[in-house]
Amino acid sequence: MTARTRRPMVGGNWKMNTTFPEAVRLADDLKRRIGRLRAVDIVVYPPFPFIEAVARRFDGERVTVGAQDLHAKASGAFTGAVSGPQLRSVGCTSVLIGHSERRHVFGDSDVTIAGKLAAALQADLDVVLCVGETLAERDGDRTFAVCERQLASALHGLDATALQRVVVAYEPVWAIGTGRNATPGQAQDVHRFIREWLAGAFGAATATATRIQYGGSVKADNVAELMAGPDVDGALVGGASLQAESFASIIQAVGQAGTPSSKS
Ligand code: PEP
């Protein structure tokens, strides 16, 4: 596959953390620290109630604001749910789909996730599609099969144009919030597999252009080695995104690791 420039991307998933004052403080602190970092696309995913305020904080900055989930329907009698058009209307521009906690804690199925992904695109939101295997699936040598199943079902029916709005995040379930990250070799192997799968499904040009982030216990002191993989285009960060200092250090390291063409 020919080397090309994919802009590195770092996401910060705040999960169900922060109160409103803490969220605003975190956004302000981050804004101060990333002032001169230009080489990386940065997205933060605050809790739903804080999206608008955080988006205002980053208005005119290079940081965009995403949501951690959405409902597949645009409106209606779905108590407690939040829709794509609602997110769009408060300055949200992207959404995580299929995060492991949605799959394994809330029970989102492959079908549910496919519906959410279609709804996000319909609502003009960019998508980060999270895929990844559990420890039992890895130990059972089913990592590639699981990722393939999750990709195929979520992306079924999309064309190459639609895929331009999709980033894939490889997040092994056993690495999320555990302090145990994938080794750089394990991450690169799965990222390469994902890119090859995308090439088969959407063509080589689309696969080459699609960004694939790694997520799972990414920290300032392990991100550089993870980024060394030629198919690793950035990081999706949970715990370490809750401190502006550590998140900014991760962003800086990703920026220094550079694009795939500058890595080779
Ligand atoms: C995540 O929530 O997507 C994640 C990768 O979490 P952590 O960085 O805490 O493992």
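The values are calculated or read from the model by the stated rules, or taken from the named source; none is laboratory data. Every value quoted in this text rests on a predicted model; they were computed, and no experiment measured them. Virtual Cβ from ideal backbone geometry, glycine too; neighbours counted across all protein chains shown.
Evaluated against (1) surrounded by fewer than 19 Cβ atoms within 10 Å (Cβ to Cβ); (2) within 18 Å of V218 (Cβ to Cβ), E137 falls short on exactly one condition, (2). Of the residues making up segment 176-193, those that are under 24 Å from D126 (Cβ atoms) and aliphatic (A, V, I, L, M) are I176, A187, V190. Scanning segment 73-88 for residues that are more than 21 Å from P21 (Cα to Cα) and either in contact with a Leu (Cβ under 9 Å, 6 or more places away or on another chain) or among the acidic types (D, E) (or both) gives A81, V82, S83, G84, Q86, R88.
Scanning segment 84-109 for residues that are within 21 Å of S153 (Cα to Cα) and surrounded by 19 or more Cβ atoms within 10 Å (Cβ to Cβ) turns up G84, S94, V95, L96, I97, G98, H99, S100, E101, R103, D108. Residue count for segment 34-87 under the criterion of being within 30 Å of V232 (Cα to Cα) and not aromatic (F, W, Y): the result is 33. Note on segment 8-44: residues that are part of a loop (DSSP other than H, G, I, E, B), at pLDDT 95 or above and not β-branched (V, I, T) amount to 5. Summed over segment 209-218, the residues that are near the ligand (Cβ under 8 Å from one of its atoms) and in a loop (DSSP other than H, G, I, E, B) give a count of 3.
Restrict the check to segment 42-58 and report whether at least one residue is farther than 24 Å from P21 by Cα and either under 13 Å from the mean Cα position of the chain (by Cα) or acidic (D, E) (or both).
Within segment 42-58, not a single residue is farther than 24 Å from P21 by Cα and either under 13 Å from the mean Cα position of the chain (by Cα) or acidic (D, E) (or both).
Residues that are in a loop (DSSP other than H, G, I, E, B) and either crowded, with 24+ Cβ neighbours inside 10 Å or of a type in the set (F, W, Y) (or both) within segment 232-249 comprise V232, D233, listed in sequence order. Within segment 157-207, the set of residues being touching a residue at least 40 places away in the same chain (Cβ under 8 Å) and among the acidic types (D, E) comprises D159, E171. Taking the criterion of being more than 12 Å from the chain's Cα centre (by Cα) and within 12 Å of the ligand (Cβ to nearest atom), the residues of segment 223-242 that qualify are V223, L226, G239, A240, S241, L242.
Would you confirm, using the coordinates I've provided, whether R32 is more than 20 Å from Q122 (Cα to Cα), within 14 Å of the ligand (Cβ to nearest atom), in contact with a helix residue (DSSP H, G or I) (Cβ under 8 Å, 6 or more places away or on another chain) and in contact (Cβ under 8 Å) with a residue 12 or more places away in the chain? No: the conditions fail for R32. On the given criteria, is V131 within 14 Å of the ligand (Cβ to nearest atom) and either within 29 Å of D59 (Cβ to Cβ) or surrounded by fewer than 19 Cβ atoms within 10 Å (Cβ to Cβ) (or both)? Spelling it out, it is not the case that V131 is within 14 Å of the ligand (Cβ to nearest atom) and either within 29 Å of D59 (Cβ to Cβ) or surrounded by fewer than 19 Cβ atoms within 10 Å (Cβ to Cβ) (or both). Of the residues making up segment 98-121, those that are part of a loop (DSSP other than H, G, I, E, B) and within 16 Å of the ligand (Cβ to nearest atom) are G98, H99, V105, F106, D108.
Applying the criterion of being more than 16 Å from the ligand (Cβ to nearest atom) and in a loop (DSSP other than H, G, I, E, B) to the residues of segment 159-208, the residue that is farthest from the chain's Cα centre (by Cα) is G203.
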